[in-house]
Amino acid sequence: MIKKDNPVCKMLGIEYPVFQGGMAWVADAELAAAVSNAGGLGLIAAMNSNGEQLREQIKKAKTLTDKVFGVNLMLMSPFIEEAVNVVCEEKIQVVTTGAGNPAKYMERLKGAGVKVICVVASVALAVMCERMGAVAVVAEGCESGGHVGETTTMALVPQVVDAVKIPVIAAGGIADGRGMAAAFMLGASAVQMGTRFLTAKECNIHQNYKDKVIKAKDIDTIVTGKKLGHPVRALKNSMTREFSKKEQDPATTSDELEAMGAGALRRAVQEGDVKEGSMMCGQIAGLINDEPTCAQIITGICESAAKLIGEE
Ligand code: TUI
């Protein structure tokens with residue numbers, strides 16, 4: 001199941017059924033290539049780049065790996081149109097989409113031979129994506145970091161598995177072999193992890209951010225931004241506390257909140273501003289206390305999960 005005859009591995013030509021989340025500002029060519037070189041599916045986040053910046057990252061990843069890697073298209077990105085065009089022109093083999101309904105882009109992507117895998121937070125969107133021709137869906141529970149839906153991984157994954165025929169990749173709250181084995185027991189055929197890769201050696205985020213993830217306990221994340229219609233899970237700090245307070249005050253306008261959030265993720269990732277930056281992070285951070293290589297993460301989790309489910 002994990003190491004043999006895995007449908008997701010077969011479909012994508014990868015060795016291990018492990019995706020790296022397409023984390024905005026985090027998932028660059030180096031992280032994606034490291035994950036793909038380790039046998040998983042690395043993904044470059046298109047979110048923070050315009051078309052040309054994305055093309056540069058893709059070209060860089062092509063120099064760093066001969067293995068298949070993908071691009072994550074964040075559907076709320078201001079550069080989404082350019083990103084879709086670049087993905088098609090660069091003949092990217094697999095794309096994940098998130099934070100919206102990919103309907104508008106499906107035909108263009110499929111026409112260019114791109115395999116589309118949609119990240120969904122509900123059964124309804126999973127079913128819609130299957131009908132539109134997605135080759136798989138990532139069912140992402142609200143334990144995950146960044147933009148979250150409302151349903152937990154435990155509840156979402158089996159319901160999505162029952163509703164679609166295409167393979168389901170589980171995401172949200174998975175960072176070790178136990179989580180991976182549990183996801184397979186729920187019917188998933190692969191896992192996607194974001195938070196686990198935040199502290200990978202090949203992950204280029206600021207060391208201050210990595211240190212905060214390593215120090216984090218189970219209850220150290222918070223969801224803010226519900227009022228804006230895009231709730232985001234991040235590590236608690238003075239920025240999220242202030243945001244949360246403002247959000248609960250009826251006098252605060254959406255524009256004020258948007259202004260507070262703008263650039264906050266970049267401040268954490270690049271400047272290491274762990275006070276006023278947004279350190280997007282999942283609830284599983286409490287389990288993470290080391291800085292392994294991507295290869296160590298992927299082989300470690302797969303070996304441990306395979307043992308737990310009685311494979312080999
Ligand atoms: O997209 C994500 N995670 C993300 S995107 C992101 S960048 C960002 N920055 C600031 C504010 C907001 C986002 C950080 N993390 N995960 C996939 C995901 N998709 N989670 C939830 C959804 C989702 C939610 C509602 C998908 C579709 C949806 O509605 C579909 C519809 O019909 O419109």
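Read-outs throughout are calculated quantities, based only on the coordinates presented, and are distinct from any laboratory measurement. All figures in this text were calculated on a predicted structure; none of them were measured in a lab. We place every Cβ from the backbone using ideal geometry, glycine too, and count neighbours over all the protein chains shown.
Left without a cysteine partner by the 4.7 Å Cβ rule in the chain: CYS9, CYS88, CYS142, CYS203, CYS281, CYS294, CYS302.
In debye to the nearest 20, how big a dipole does the range 207-284 give about its Cα centre with +1 on each Lys and Arg Cβ and -1 on each Asp and Glu Cβ?
Values: 14 positive and 12 negative charges, 62 e Å.
It comes to approximately 300 debye.
About the Cα centre of the chain, what is the dipole size in debye to 20, counting +1 per Lys and Arg Cβ and -1 per Asp and Glu Cβ, all else neutral? Show your work: numbers first, answer last.
Working: 33 positive and 36 negative charges, 59 e Å.
For this selection, approximately 280 debye.
The mean of 1/r over all pairs of different alpha-carbon atoms in the chain, once inverted, gives a Kirkwood hydrodynamic radius of 19.2 Å.
Of the trypsin sites (Lys or Arg not before Pro) found in the range 1-56, those in coil by DSSP whose Cβ has at most 10 other Cβ atoms within 10 Å are LYS4.
Each residue of the range 78-88 is assigned a 3J(HN,Hα), and the resulting list reads x, 9, 4, 4, 4, 4, 4, 4, 5, 4, 5 Hz, derived from the Karplus form 6.51 cos²θ - 1.76 cosθ + 1.60 (θ = phi - 60°), x at Gly and Pro.
Using DSSP to define loop residues, name the trypsin sites (Lys or Arg not before Pro) in the range 243-312 whose beta-carbon has at most 16 other beta-carbon atoms within 10 Å.
Details: sites: LYS245, LYS246, ARG266, ARG267, LYS275, LYS307; in loops: LYS275.
Loop-located and lightly packed - LYS275.
Convex hull volume of the C-alpha atoms in the range 155-245, normalised per residue: 143 Å³.
Which order do peptides 176-184, 60-68, 78-86 fall in by mean Cβ count within 10 Å, highest first? List each step's numbers first, then the result.
Values: 176-184: 21.4, 60-68: 15.9, 78-86: 18.7.
Order by mean packing, descending: 176-184, 78-86, 60-68.
Taking the average, over residues, of other Cβ atoms within 10 Å as the packing measure, peptides 217-223, 151-157, 204-210 rank 151-157, 204-210, 217-223 from highest down.
Only DSSP H runs of four or more residues enter the estimate; each adds -39500 (n - 2.57), and after division by the residues of the chain the mean residue ellipticity at 222 nm equals -12500 deg cm²/dmol. Packing, taken as the mean count of other beta carbons within 10 Å per residue, orders the peptides 299-305, 135-141 from highest to lowest as 135-141, 299-305. For the range 183-287, GluC sites (Glu not before Pro) meeting the loop criterion (DSSP other than H, G, I, E, B) and having at most 16 other Cβ atoms within 10 Å: GLU276.
Within 12 Å, Cβ to Cβ, of ILE174, how many net charges do the neighbouring residues add up to if Lys/Arg are +1 and Asp/Glu are -1?
Values: positive: ARG178, ARG196; negative: GLU140, GLU143, ASP176.
Result for the local shell: -1.
For ILE44, the amide hydrogen comes within under 5 Å of the amide hydrogens of GLY70, VAL71, ASN72, counting only partners 5 or more places away or on other chains and with H modelled in the peptide plane. Sequence-ordered 3J(HN,Hα) estimates for the range 265-278 from the Karplus curve with 6.51, -1.76 and 1.60 and θ = phi - 60° stand at 5, 4, 4, 6, 5, 8, 9, x, 7, 8, 9, 9, x, 9 Hz, glycine and proline given as x.
List the aspartates and glutamates whose alpha-carbon lies under 12 Å from that of LYS212, not counting same-chain residues fewer than 8 positions away? Cross-link targets: ASP220, ASP273, ASP290.
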